[in-house]
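A short worksheet on the structure shown next.
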Amino acid sequence: MEESQIISMPRIGDKAPSFKAVTTQGEINFPQQYAGEWVILFSHPADFTPVCTSEFMTFASMESKFNEAGCKLVGLSVDGLYSHIAWLRTIKEKIEFKGMKNVEVTFPLIEDITMEVAKKYGMLQPGESSTKAVRAVFFIDPKGVIRTIIYYPLSLGRNFDELYRVLIALKTADEFGIATPADWRPGDDVIISPAGSCGKAKDRMDGKEAGLECKDWFFCTKKIDKDVILGKILKKK
Ligand code: BEZ
């Protein structure tokens, strides 16, 4: 594939590129029909391949967890609709993996034989493959803005617990106006914005801001209870 055929990758903070497409759940108008909720758009290299099959079974098994966190899932590969349908039927009828079986994939899987969507999202990386999309993951917020992008090569299956952690961390940062440190999980201390003036830095180091623990003037954390976070982030049942 010629370099010029690849439209540049969207970046964090960009509006998610729009497209209409045929999927295993009917036509979609992306990202417009997901306005008001989070959506993860992810690509995989090809139907009927083992790593992708293990990924789809895992993601499908966790779909309700993502939905409860206010997030929909949408998959894509450079394959046609009938291949998608046949592959998803095979997964449900025949494949058992890590205790998962009879797994039904109910989120939409986009057909993209023209590579139109894959090109718009920079999912084709010729150094890796000129015909297969890499394993890209786009987290798109309720305003249609791309908030996180993660790419994996063909040989590396994704960690879906990490994708869930990213979603919860993004929503927590938005809800509470904080940042999250390395390996953060709900219930761990969160990071507050650094002191913006010498006075504030001094106040923080003098312990004048209640509820903060400062390792130094620029590195202060506070506690937010796990239940408080999950109460805000997860949909009421
Ligand atoms: C797989 O999903 O198993 C796979 C896909 C493309 C290349 C290598 C592996």
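The values are calculated or read from the model by the stated rules, or taken from the named source; none is laboratory data. What you see is a predicted model, and the numbers here were worked out from it, not measured in a lab. Because the Cβ atoms are built from the backbone with ideal geometry, glycine has one as well, and the counts that use them run over all protein chains shown. Only protein heavy atoms, including side chains, enter the accessible area calculation; ligands, DNA and RNA are left aside. Shrake-Rupley method; radii C 1.70, N 1.55, O 1.52, S 1.80 Å.
Among residues belonging to region 123-142 that are open to solvent by 10 Å² or more (accessible area, probe 1.4 Å) and farther than 22 Å from P50 by Cα, point out the one that is farthest from the chain's Cα centre (by Cα).
Looking only at region 123-142, we keep the residues that are open to solvent by 10 Å² or more (accessible area, probe 1.4 Å), and these are 125-132, 141-142.
Among the residues that remain, those that are also farther than 22 Å from P50 by Cα are: 141-142.
Details: D141: 10, P142: 13 Å.
Out of the qualifying residues, it is P142.
Within region 135-181, can you find the residues that are part of a loop (DSSP other than H, G, I, E, B) and either in contact with a Pro (Cβ under 6 Å, 6 or more places away or on another chain) or more than 16 Å from the ligand (Cβ to nearest atom) (or both)? So that I can check it myself, show each step before the final result.
From region 135-181, those part of a loop (DSSP other than H, G, I, E, B) are 141-144, 153-159, 177-178, 180-181; that's our starting set.
Those that are part of a loop (DSSP other than H, G, I, E, B) and either in contact with a Pro (Cβ under 6 Å, 6 or more places away or on another chain) or more than 16 Å from the ligand (Cβ to nearest atom) (or both): D141, P142, K143, G144, L154, G177, I178, T180, P181.
If you go through region 83-97 one residue at a time, do you hit one that is part of a helix (DSSP H, G or I), within 27 Å of P10 (Cα to Cα) and not acidic (D, E)?
Filtering region 83-97 down to residues part of a helix (DSSP H, G or I) leaves 83-94.
The next check asks that each one be within 27 Å of P10 (Cα to Cα); those that pass are 84.
Next, only the ones that are not acidic (D, E) stay: 84.
Taking every residue of region 83-97 in turn, at least one turns out to be part of a helix (DSSP H, G or I), within 27 Å of P10 (Cα to Cα) and not acidic (D, E).
Please indicate, with yes or no, whether at least one residue in region 49-61 is in contact with a Cys (Cβ under 9 Å, 6 or more places away or on another chain) and more than 16 Å from the ligand (Cβ to nearest atom). Even if it seems obvious, please write down each step before you answer.
The initial filter retains those residues of region 49-61 that are in contact with a Cys (Cβ under 9 Å, 6 or more places away or on another chain), namely none.
No, the conditions are met nowhere in region 49-61.
Show the residue pairs meeting these rules: Cβ distance below 6 Å; 6+ apart or different chains; first residue within region 143-170 and in the same structural domain as S8 (by TED's automatic domain parsing) and open to solvent by less than 40 Å² (accessible area, probe 1.4 Å); second residue in a loop (DSSP other than H, G, I, E, B) and within 14 Å of the ligand (Cβ to nearest atom).
Once the first residue is in the same structural domain as S8 (by TED's automatic domain parsing) and open to solvent by less than 40 Å² (accessible area, probe 1.4 Å) and sits in region 143-170, its partners that are in a loop (DSSP other than H, G, I, E, B) and within 14 Å of the ligand (Cβ to nearest atom) give Y152/R158.
Name the residue, out of V51, V78, that is under 22 Å from I149 (Cβ atoms), surrounded by 19 or more Cβ atoms within 10 Å (Cβ to Cβ) and in the same structural domain as M123 (by TED's automatic domain parsing).
Values: V51 fails: surrounded by 19 or more Cβ atoms within 10 Å (Cβ to Cβ).
Just one listed residue meets the conditions, V78.
Can you confirm whether region 97-104 contains a residue that is farther than 24 Å from R165 by Cβ and over 21 Å from the mean Cα position of the chain (by Cα)?
Within region 97-104, the subset farther than 24 Å from R165 by Cβ is 101-102, 104.
Okay, now just the ones that are also over 21 Å from the mean Cα position of the chain (by Cα), so 101-102.
Yes: one or more hits.
Can you tell me which residues in region 178-230 are under 25 Å from the mean Cα position of the chain (by Cα), over 18 Å from R165 (Cβ atoms) and open to solvent by less than 60 Å² (accessible area, probe 1.4 Å)?
Selection gives I192 alone.
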